[in-house]
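Just below is one structure, and these are the notes that go with it.
The values are calculated or read from the model by the stated rules, or taken from the named source; none is laboratory data. Only a predicted model underlies this, so the values are computations on that prediction, with no experimental measurement involved. Using ideal geometry, Cβ is built from the backbone for each residue, glycine included, and neighbour counts are taken over all protein chains shown. In case anyone asks, the SASA skips ligands and DNA or RNA and just uses the protein heavy atoms, side chains included. Shrake-Rupley method; radii C 1.70, N 1.55, O 1.52, S 1.80 Å.
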Amino acid sequence: MKIYNTITRKKEEFKPIDENELKIYVCGPTVYNYFHIGNARPFVIFDTLRRYLEFKGYNVKYVQNFTDVDDKIINRAREEKLTVSQVSEKYIKEYFKDAGDLNIKNATVHPRVTENMEDIIQFISGLIEKGYAYVTDGDVYFDTKKFKDYGKLSRQNMNELDTGARVEVDSRKRNPMDFALWKAQKKEDEIAWEAPWGKGRPGWHIECSVMATKYLGETIDIHAGGQDLVFPHHENEVAQSEALTGKPFANYWMHNEFINIDNEKMSKSKGNFFMVRDILKEYEPEVVRFFLISGHYRSPINFSRDLMIQSKNALARLNNAKVNMEYFLSNAKESELQPEEADKIKEFMQYKDKFIESMEDDLNTADAISAVFELVREINSSMTDKSSRAFVQSSYDLFMELVGVLGILQKSKSEEVEDEVQKLVDERQLARKNRDFARADEIRDILKAKGITLEDTPQGVRIIREN
Ligand code: AMP
Ligand code: ZN
């Protein structure tokens, strides 16, 4: 497989460190809010990369962190009169809900900053001992001048960086580009941990160096995230990790381009964002996942309703093909594969080859999806009432294998029905809470027509089905 490696700015043949287990680290969310559709892009893209590598037969150890202590979380906790951990716990739960809806697999490990404090302190101590970090008034900074390769990932020249940073220079820093590994506690009631150089909390960058090396080893195969993380976050991760271990930190760096709104990056700080949670009220989760993989990950996408509708229609075409095959599968008369059908199956395999070729080319999901559409067109035109079950089954298995790699169309019909019922039950609860009893009654009637009655109990709603 070829991967575009940010550090070399080239597409390179992917060579794993250990064929038996790939090591991938993806920067996860800062949990102070629901995630927006821009944040969802790396989560879905690198989940698709993982699925593809697993399809190729690799065992993948996949680590994605939660930043569960940070200024934004602290501010939110203050606003809502909650503790930091109440805020982060809440949004970690919400992450899993949205990620589950988008069919993003759980990582092998989802480490959190607050659960790795000992390791973080040890890592910083190591950097101080080696002379790469220094303490000033209880803060600890990384000495960027000491790390001669500083700037190698983002390809920036140290002198230019210094000039740029001098504007907001902090007199406690030795060099303008130095960054905080540890921030001293400023107020008595501020969340803090004990460390040899004083109470405080870690800076943002250090957590990923610590958790990647702790869970995956000193050199990992792939490190990934959004384009905005190249500098300073990933540059700083490289500096911290390589300064401490003396070994390359990650062999391949992958970065996805942005989801934009009117050509501007979607971001929480600009306020031009759509929460995944809100989009899911209007579109099926699969439509959102399909939208996110329908373009190549290194091309920016302008988010728009038109694109969502296009994705919805495209996905419906694939779903129709699936339903058709399921129909033929339960109605086929002949079971044995006919000779001309065997030829057809061979033809179909061309599309699997094309699918693989596309994915091998730096995860080109856009072309891989085209191959699936070509396959579907062929299957649709070959399948008739007279097709054998063996033929339909082989076509179906092939189709399901490819869409499985993309993480779409995995639900059975009964699961889809279940989801639909649950959605209505949830909507009814919300309507009742908002005292919209007309809508609540309407939903009760819709469910009744499906043979489902609801009973409100102190423990919640009981769903009772006829037969
Ligand atoms: P955050 O929670 O802001 O640290 O972001 C989580 C992930 O989303 C990171 O990998 C970011 O690079 C990525 N990200 C943030 N905004 C966008 C966007 N508009 N488009 C694509 N990726 C984004
Ligand atoms: Zn990170």
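Please go through region 269-297 and pick out each residue that is within 12 Å of ligand 1 (Cβ to nearest atom) and open to solvent by less than 50 Å² (accessible area, probe 1.4 Å).
Once the filter is applied, which keeps residues that are within 12 Å of ligand 1 (Cβ to nearest atom) and open to solvent by less than 50 Å² (accessible area, probe 1.4 Å), region 269-297 yields 272, 276, 292, 295, 297.
Under the condition of being more than 13 Å from ligand 2 (Cβ to nearest atom) and open to solvent by 20 Å² or more (accessible area, probe 1.4 Å), which residue from region 218-238 is nearest to residue 156 (Cα to Cα)?
In this case the residue turns out to be 227.
Could you say whether any residue in region 356-372 is more than 24 Å from residue 301 (Cβ to Cβ), in a helix (DSSP H, G or I) and open to solvent by less than 30 Å² (accessible area, probe 1.4 Å)?
Within region 356-372, not a single residue is more than 24 Å from residue 301 (Cβ to Cβ), in a helix (DSSP H, G or I) and open to solvent by less than 30 Å² (accessible area, probe 1.4 Å).
Given the criteria away from ligand 2 (no atom under 16 Å from the Cβ), closer than 17 Å to residue 250 by Cα, over 21 Å from the mean Cα position of the chain (by Cα) and open to solvent by 30 Å² or more (accessible area, probe 1.4 Å), does residue 80 qualify?
no
Do we have any residue at all in region 346-358 that's of a type in the set (S, T, N, Q) and either in contact (Cβ under 8 Å) with a residue 60 or more places away in the chain or over 13 Å from residue 395 (Cα atoms) (or both)?
Yes, the conditions are met somewhere in region 346-358.
Among the residues of region 193-205, is there at least one that is open to solvent by less than 10 Å² (accessible area, probe 1.4 Å), touching a helix residue (DSSP H, G or I) at 6+ places or on another chain (Cβ under 6 Å) and in a helix (DSSP H, G or I)?
no
Looking only at region 301-323, count every residue that is of a type outside the set (Gly, Ala, Ser) and buried (at least 16 other Cβ atoms within 10 Å of the Cβ) and tell me the total.
The total comes to 8.
Could you please tell me which pairs satisfy a Cβ distance under 6 Å, a separation of 6+ or placement on different chains, a first residue in region 111-136 that is touching a residue at least 40 places away in the same chain (Cβ under 8 Å), and a second residue that is open to solvent by 50 Å² or more (accessible area, probe 1.4 Å) and among the hydrophobic types (A, V, I, L, M, F, W, C)?
Close Cβ pairs satisfying both conditions: 117/193.
Out of all the residues in region 244-274, which are within 14 Å of residue 152 (Cα to Cα), away from ligand 2 (no atom under 16 Å from the Cβ) and touching a strand residue (DSSP E or B) at 6+ places or on another chain (Cβ under 8 Å)?
251
Enumerate the strands (runs of 3 or more DSSP E) found wholly within region 1-76, keeping only those where 2 or more residues are surrounded by fewer than 22 Cβ atoms within 10 Å (Cβ to Cβ) and more than 9 Å from ligand 1 (Cβ to nearest atom).
Values: elements: 2-5, 10-13, 22-26, 60-64.
The strands (runs of 3 or more DSSP E) meeting that bar are 2-5, 10-13, 60-64.
Please verify whether residue 394 is in contact with an Asp or Glu (Cβ under 7 Å, 6 or more places away or on another chain) and of a type outside the set (Val, Ile, Thr), treating the condition exactly as stated.
So residue 394 does not fit the description; no.
Considering every residue within region 196-219, establish whether at least one is without any contact (Cβ under 8 Å) to a residue 24 or more places away in the chain, away from ligand 1 (no atom under 15 Å from the Cβ) and of a type outside the set (Val, Ile, Thr). Spell out how you get there, then give the answer.
Residues of region 196-219 that are without any contact (Cβ under 8 Å) to a residue 24 or more places away in the chain, as a first pass: none.
Taking every residue of region 196-219 in turn, none turns out to be without any contact (Cβ under 8 Å) to a residue 24 or more places away in the chain, away from ligand 1 (no atom under 15 Å from the Cβ) and of a type outside the set (Val, Ile, Thr).
Is one or more of the residues making up region 353-371 farther than 25 Å from residue 316 by Cβ and touching a Phe, Trp or Tyr at 6+ places or on another chain (Cβ under 7 Å)?
Yes.
If I ask for residues that are of a type in the set (Lys, Arg) and at pLDDT below 95, which ones from region 293-336 would you list? Show your work before the answer.
Here is the first cut: in region 293-336, the ones of a type in the set (Lys, Arg) are 298, 305, 312, 317, 322, 333.
Scanning region 293-336 gives 305, 333.
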